[in-house]
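Step one of this worksheet: look at the structure below.
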């Protein structure tokens with residue numbers, strides 16, 4: 001970490017507070033209100049949560065700003081996991097007796113539809129002295145300060161890494177306290193990161209098309225990490241489709257004996273449906289993937305199929321699919337790192353537009 005850089009920004013931040021103390025007090029009150037709200041959801045209360053309660057609980061999260069229709073997220077969360085599972089796992093995640101790293105890994109494994117941004121925000125609101133808020137802005141700010149070993153993608157943010165990051169961010173909290181700034185928690189550190197460390201060239205660099213030299217190939221990862229990559233890419237493909245105006249779904253049967261990772265679906269007037277199929281390959285047989293995609297083409301609504309993997313495996317898939325006539329004509333290839341980068345770019349666009357509040361959510 002670049003200590004002198006941090007010191008300079010803390011001094012600027014302190015000067016800004018003194019110049020506009022009323023705004024600082026408003027931010028302070030906002031933090032207190034958010035902490036009070038989320039701490040009021042006890043374990044017993046979460047175990048009795050219904051779908052409307054769940055909407056009230058997660059709709060207030062900043063991570064939900066990327067969604068114009070927050071009811072869609074809640075409905076999908078319940079449909080993908082069941083309300084009973086959400087109740088049980090959310091209560092254990094927040095109020096369980098295990099260490100935060102173990103609770104984190106359990107929740108990531110058992111719940112679809114809530115990623116690290118939402119998870120860390122909830123923990124930061126309930127445990128503001130011990131748990132940091134992790135999102136794209138946190139990555140930009142900490143990377144700018146020279147923090148090492150930052151997770152670039154969600155699959156890299158294990159429970160152990162999250163606990164380490166929370167401890168690292170406490171260094172910033174201590175430096176803010178040395179400057180005499182009051183009300184310092186890891187939640188207030190997030191405000192500092194947001195206000196002071198969003199340097200423009202860092203924000204643009206995060207969406208660079210240049211692939212990092214150390215970007216791992218999927219087939220070199222262990223089985224557990226491979227599963228995390230698979231699930232993250234599968235779910236983000238669904239998000240991208242949803243943001244582009246498609247109806248999306250994951251783990252769905254499109255033909256007899258063919259269950260695929262993600263689909264994008266559009267209805268064209270009264271003429272019927274158009275479906276695009278995505279299969280994410282992180283491990284297992286390439287022949288199985290090809291057979292699965294070939295079967296999906298038996299559905300006349302399927303207009304295109306896409307294999308998603310790392311560069312090395314995509315080349316293998318191309319060779320295997322080259323002699324499969326019908327499939328080779330419709331099969332497209334998408335590097336999983338580009339999927340993640342495109343998701344980040346669209347996420348930023350949606351967040352910015354939704355902040356304007358141009359379209360009311362309605363009932």
All but one of (1) within 25 Å of the chain's Cα centre (by Cα); (2) under 13 Å from residue 333 (Cα atoms) hold for residue 293; which doesn't?
(1)
Can you say whether residue 229 is more than 23 Å from residue 295 (Cβ to Cβ) and modelled with pLDDT of 90 or more, as far as the supplied structure shows?
no
When you check residue 314 against the structure, is it over 20 Å from residue 256 (Cα atoms), modelled with pLDDT of 80 or more and in contact with a strand residue (DSSP E or B) (Cβ under 8 Å, 6 or more places away or on another chain), yes or no?
yes
With the requirement that a residue be buried (at least 16 other Cβ atoms within 10 Å of the Cβ) and over 20 Å from residue 78 (Cα atoms), what does the stretch 249-263 give you?
254, 255, 258, 260
Quick one: how many residues across the stretch 233-274 are touching a helix residue (DSSP H, G or I) at 6+ places or on another chain (Cβ under 6 Å), assigned to a strand (DSSP E or B) and modelled with pLDDT under 85?
3
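So that you can scan it fast, the table gives a plain yes or no per residue for (1) closer than 21 Å to residue 122 by Cα; (2) without any contact (Cβ under 8 Å) to a residue 60 or more places away in the chain; (3) under 16 Å from the mean Cα position of the chain (by Cα):
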site	(1), (2), (3)
135	yes, no, yes
139	yes, no, yes
150	yes, yes, yes
154	yes, no, yes
165	yes, yes, no
169	yes, yes, no
177	no, yes, no
181	no, no, no
Restricting the stretch 277-288 to residues that are surrounded by fewer than 21 Cβ atoms within 10 Å (Cβ to Cβ) and touching a helix residue (DSSP H, G or I) at 6+ places or on another chain (Cβ under 8 Å), which is farthest from residue 226 (Cα to Cα)?
287
Filter the stretch 98-128 for residues that are modelled with pLDDT of 95 or more and not in a helix (DSSP H, G or I); which is surrounded by the most Cβ atoms within 10 Å (Cβ to Cβ)?
128
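The values are calculated or read from the model by the stated rules, or taken from the named source; none is laboratory data. Source: prediction; values computed, not measured. All Cβ positions, even for glycine, are placed from backbone atoms using ideal geometry, and neighbour counts span all protein chains on display.
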